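Colleague: Quick one: this structure, given as C-alpha cells, is what I'll be asking you about.
Any read-out appearing in this document is the output of simple, stated calculations on the displayed coordinates, not a laboratory observation. All values reported here derive from a predicted model rather than from experimental measurement. Positions of Cβ are generated from backbone atoms using ideal geometry, with glycine treated the same way; all protein chains shown enter the neighbour counts.
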Amino acid sequence: MLFEELSNESKVWMSHGDQVTAIPSGFRVIATTDTAPFAATRHEEKPLFGIQFHPEVTHSIDGKQILKNFVIKICQASQKWTMSEFIGKEINRIRSIVGDKNQVIGAVSGGVDSSVAAKLMHLAIGDRFHGILVDNGVMRHLECEQAKQMLVDKMGINLKIANASDRFLSNLAGITEPEKKRKIIGNTFIDVFEEEAKAIDDACAASGTPPIEFLLQGTLYPDVIESISFKGPSATIKTHHNVGGLKENMKLKLIEPLRELFKDEVRELGRLLGMDDDLVWRHPFPGPGIAIRILGEVTKEQVAIARKADYIYIEEIKKAGLYRQIAQAYAALLPVKAVGVKGDKRTYEQMICLRAVETSDFMTADWFPFPYDVLKRISSRICNEVEGVNRVVYDVSSKPPATIELE
Ligand SMILES: Nc1ncnc2c1ncn2[C@@H]1O[C@H](COP(=O)(O)OP(=O)(O)OP(=O)(O)O)[C@@H](O)[C@H]1O
C-alpha cells in the first residue's frame, strides 16, 4: 500500500495564490473549493489523480511522508545521496573551480552557515581561503573570542579578525531609526570587508601569488528559492545585511557550496566536519547584531548592558536544557526608565525585554512558554547582576503581527 504510513487525520495545506488553471484532456474534476475550480482531478479511465496542495509546508501533516512515498515508492528513486559523500564531491568541485593557485575570500560571521562554508573551503584549498570576521562592536559577549577558538584554534581556518568596533559605534552615534541603523552597519561592514580584502590582495601581489578571484558565500537553498521566486516586499520589510551588497568593482566570482542545502542539512554537515554542538545549534543572530536589540541610540554603555543581560539569559536557558527547543532567544534593551528599589535606594533605570520564540520556518513564530521558575531565575539574575537595569519584561507576542526582532 502506498499510503499506509499516513496518519488517520492527514490534513494538507492549499494556497489559493497558486492555482491550477486548466486540466489535460481525459481528466475530470472531482473536487473544488470556493476559489479553486480544479482542487482535485482524475483521469476518466486510467488510475491517475491530481490534487492541488503543498506537501512541503509544515501545516501539511504527513507532507514529508507523502513526498517520500511519491519519490521512493511511486517514482522508485534510489536513496543514494549521503552527507559524507556530499563533502567529498563538494571539495572536488571547489578544487576544480578554484584551481591550484587562486585565492578565495569570504566573510565569516561565526554563525553556522558561513562557518560550515569556510570549513569546506579550508578542506578544499587550505590557506588559499582567507576568511574575514568583522568585529563590529555589536556582537554578543565573548562571541569573537569563541569564534576564534573554534574556527582558528580548533579547525585551522585561515581567518582574520578585523576589529572595527570603534568605527561602527562612531558611525552609529546619534542614530535611533531602525532602518538607518541597519544601513549604516551594512555599509560600514562592506567598507571594512573591502579594505581587508585589499590588504590580502596586496599581500598576495607582494609575495607573487595570484590575486583573489573568488568570493565564498554561505547561501542556503531557501535563499536561492526566495531570490528566484519573489524579490518583492519581503526584501524591503527589513534591509538584509549580507555581503551581497559588495561594490561592483570587486568583480569576484561567487562560490556557494551550501546552495543546495537546507538549514538542518547544514547543521548535520557542521557536525560531520567536527564542529562543536554550541556552534552547530547556535540560534540565528542578525548581522546588525545587538544594535537592533538596543532600541534607541547605540552607545558603548548601552551595548555593555544589553550584552551582559543577553549572556545571562542564554546561559540560564542552556542550564535549564531549553536552548534547542527555542528557535531564537535574546535580551533587548528598552530605552525607557522606570522606578525601582535596590538595597534601600530608589533607582530610576532601564528595562530589559526578553524574547524567545518557537518556529520551524521563521515565517511565523509563537512565543515560548517558559516554566515560571526559569523566568524567575533569569529576571532575578539580570536585575541583580546588570547595572543600569531594574526591571525585566517578557515579550508575549507571536509573529505575525510582531516580528522576531524588535527593529
Ligand atoms: N560580523 C561579521 N563578520 C563577517 N561576516 C559577517 C558578519 N556578519 C555577517 N556576515 C556575513 O554575512 C552573511 C549573512 O549574515 P546573516 O546575519 O544574514 O547570517 P546567516 O545568513 O544566518 O549566516 P551565518 O549563519 O553565517 O551567520 C554571513 O553568512 C557572513 O558571510
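Colleague: Would you please state which residues of segment 44-81 a label at Lys11 would reach in this model, taking the label point 7 Å out along Cα→Cβ and a backbone N cut-off of under 17 Å?
Modeller: Under 17 Å, as judged by backbone N against the label point of Lys11, lie 53-64 of segment 44-81.
Colleague: Here's something else I'd like to know. So if the hydrodynamic radius of segment 108-166 is defined as the Kirkwood radius over C-alpha pairs, what does Stokes-Einstein give as its diffusion coefficient at 37 °C and 0.692 mPa s, in µm² per second?
Modeller: 287
Colleague: Could you work out how far the C-alpha centroid of segment 106-148 sits from that of segment 297-330, in angstrom?
Modeller: Using only Cα atoms, the two centres lie 21 Å from each other.
Colleague: Work out the P(r) tail for segment 157-206: percent of alpha carbon pairs separated by more than 15 Å, whole number.
Modeller: Result: 54 percent of Cα pairs exceed 15 Å.
Colleague: Take each complete run of DSSP H in the chain, measure how far its Cα atoms stretch along the helix's own axis, and keep only those covering 20 Å or more with mean Kyte-Doolittle hydropathy at least -1.0; list them.
Modeller: 83-98, 178-206, 300-319
Colleague: For the chain, what is the calculated [θ] at 222 nm in deg cm²/dmol (nearest 500), taking -39500 (n - 2.57) for each run of four or more DSSP H residues and dividing by its residue count?
Modeller: -10500 deg cm²/dmol
Colleague: Give me the number: length gained by fully extending Ile61 to Val20, i.e. 0.36 nm times residue separation minus the C-alpha to C-alpha distance, one decimal in nm.
Modeller: 12.6 nm
Colleague: Still on this structure, I have one more. What is the Cα convex hull volume of the chain when expressed per residue in Å³?
Modeller: Taking the convex hull of the Cα positions in the chain, it is 191 Å³ per residue.
Colleague: Could you work out how much longer the chain between Ala77 and Lys154 gets when fully extended? Use 0.36 nm per residue separation minus the Cα distance between them, nm to one decimal.
Modeller: Residue separation times 0.36 nm, minus the Cα-Cα distance, leaves 23.8 nm.
Colleague: Considering only DSSP beta bridges whose two residues both sit in the chain, what percent are antiparallel, to the nearest 5?
Modeller: 50
Colleague: Among Ser170, Ser96, Ser78, which one moves the most in a GNM of the chain with springs linking Cα atoms closer than 10 Å?
Modeller: The residue that fluctuates most here is Ser78.
Colleague: Let me ask something else. Of the residues Val134, Val374, Val116, which exhibits the maximal mean-square fluctuation in a Gaussian network model of the chain defined by a 10 Å Cα contact cut-off?
Modeller: Val374
Colleague: Go ahead and set up a Gaussian network model of the chain, Cα springs under 10 Å, then flag whichever of Asp191, Asp135, Asp344 fluctuates most.
Modeller: Fluctuation is largest for Asp344.
Colleague: Can you work out the FRET efficiency for the pair Ala162 and Val396, with r the C-beta to C-beta distance and R0 = 56 Å, to the nearest 0.05?
Modeller: Between Ala162 and Val396 the formula returns 0.90.
Colleague: Then there is this: Based on alpha-carbon centroids, what's the gap between segment 36-93 and segment 373-395 in Å, whole number please?
Modeller: When both Cα centres are located, 47 Å separates them.
Colleague: Tell me, which longest segment in the chain has none of the chymotrypsin sites (Phe, Trp or Tyr not before Pro) that fall in DSSP loops with at most 13 further Cβ atoms within 10 Å?
Modeller: Maximal segment without exposed cleavage sites: 82-229.
Colleague: What is the gain in length, in nm to one decimal, between Ile30 and Arg377 on full extension, counting 0.36 nm per residue of separation less the C-alpha to C-alpha distance?
Modeller: 119.1 nm
Colleague: Rounded if a/c is under 1.5, else prolate if a/b is larger than b/c, else oblate: which is segment 334-379, with a ≥ b ≥ c the root eigenvalues of its Cα gyration tensor?
Modeller: oblate
Colleague: Using all Cα-Cα distances in segment 48-147, what percent lands in each 10 angstrom bin from 0 up to the longest?
Modeller: 12, 27, 21, 23, 15, 2, 0
Colleague: Could you tell me what percent of the DSSP beta bridges with both partners in segment 262-407 are antiparallel, to the nearest 5?
Modeller: 75
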